[in-house]
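The values are calculated or read from the model by the stated rules, or taken from the named source; none is laboratory data. Small disclaimer: the values here were computed from a predicted structure and weren't measured. When we count neighbours, we look across all protein chains shown, and the Cβ atoms used for this are built from the backbone with ideal geometry, even at glycine. These area figures cover heavy atoms from the full protein model, side chains too; ligands, DNA and RNA do not enter into them. Shrake-Rupley method; radii C 1.70, N 1.55, O 1.52, S 1.80 Å.
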Amino acid sequence: ETILEYGVISPSCRHIMTADNGQLTIPVIDDTANAGAWTAEAGDITKADITTSAITMDAFKVTTGIQVSTELLEDTFFDLESYLAQAFGTRLARTMENAYIFGTGTTMPVGIAEDAGTKEFTSAADGVVDSTDLITAVFDLQPTSRAGAVIYVSDDLMKDLTLEVDSVGRPMLQT
């Protein structure tokens with residue numbers, strides 16, 4: 001529960017448990033190069049194979065340990081177990097969130113910053129991202145990809161975008 005509450009990306013992730021905690025090969029279908037065709041009544045139907053490939057996902061484990069003195073265990077006047085469970089969850093969530101963004105794929109998951117499938121864009125002004133850049137990024141996606149698309153931004157950028165207003169002072173972004 002703490003991991004899901006603390007995390008920004010984790011609740012959107014699909015966590016998969018493998019039978020032997022090893023590699024998992026997943027088939028991938030990319031049929032975007034194919035389309036249907038108009039055919040005359042009783043005409044021949046043109047067939048096209050579906051383009052398939054596979055990706056292999058590795059299993060990774062995130063861990064942490066908390067050392068507690070015997071005295072604290074014996075003298076505790078509050079619910080130490082709940083406190084420690086929350087501390088474990090927060091530590092693990094912090095580690096997982098960092099990997100989901102910057103992970104290399106070698107000893108941790110591949111993060112969105114390293115993923116070749118991540119859409120990247122360059123702002124008109126160096127170091128400045130505005131609502132125009134965000135709208136451009138959305139419309140650079142294929143129309144079929146926009147419906148479930150998720151855009152992650154830093155807190156600072158979210159604040160800047162939220163403070164941006166139109167010509168009559170209305171917020172450009174509703175939060």
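Return the ratio Rg/(2.2 N^0.38 Å) for segment 1-77, where Rg is computed over Cα atoms only.
Normalised Cα radius of gyration, segment 1-77: 2.22.
I want to verify the translational diffusion coefficient of segment 37-175 in µm²/s; compute it with Stokes-Einstein, Rh as the Kirkwood radius over Cα pairs, at 25 °C and 0.890 mPa s.
Using the Kirkwood radius from Cα pairs, D works out to 118 µm²/s.
If you average the alpha carbon positions of segment 90-104 and of segment 130-175, how far apart do those two centres end up, in angstrom?
24
Using helices alone, I'd like the mean residue ellipticity at 222 nm for the chain: each DSSP H run of four-plus residues gives -39500 (n - 2.57), total over residue count, nearest 500.
Helices in the chain give a 222 nm mean residue ellipticity of -9000 deg cm²/dmol.
List the GluC sites (Glu not before Pro) within segment 17-87 that DSSP assigns to loop and that have no more than 15 neighbouring Cβ atoms inside 10 Å.
Here the sparse-neighbourhood loop sites are Glu41.
For segment 93-106, in order, what is each residue's ³J(HN,Hα) by Karplus, 6.51 cos²θ - 1.76 cosθ + 1.60 with θ = phi - 60°, in whole Hz (x at glycine and Pro)?
5, 4, 5, 5, 4, 4, 5, 5, 9, 10, x, 8, x, 8
Determine the per residue accessible area of the chain with all protein chains present and a 1.4 angstrom probe, expressed in square angstrom.
81
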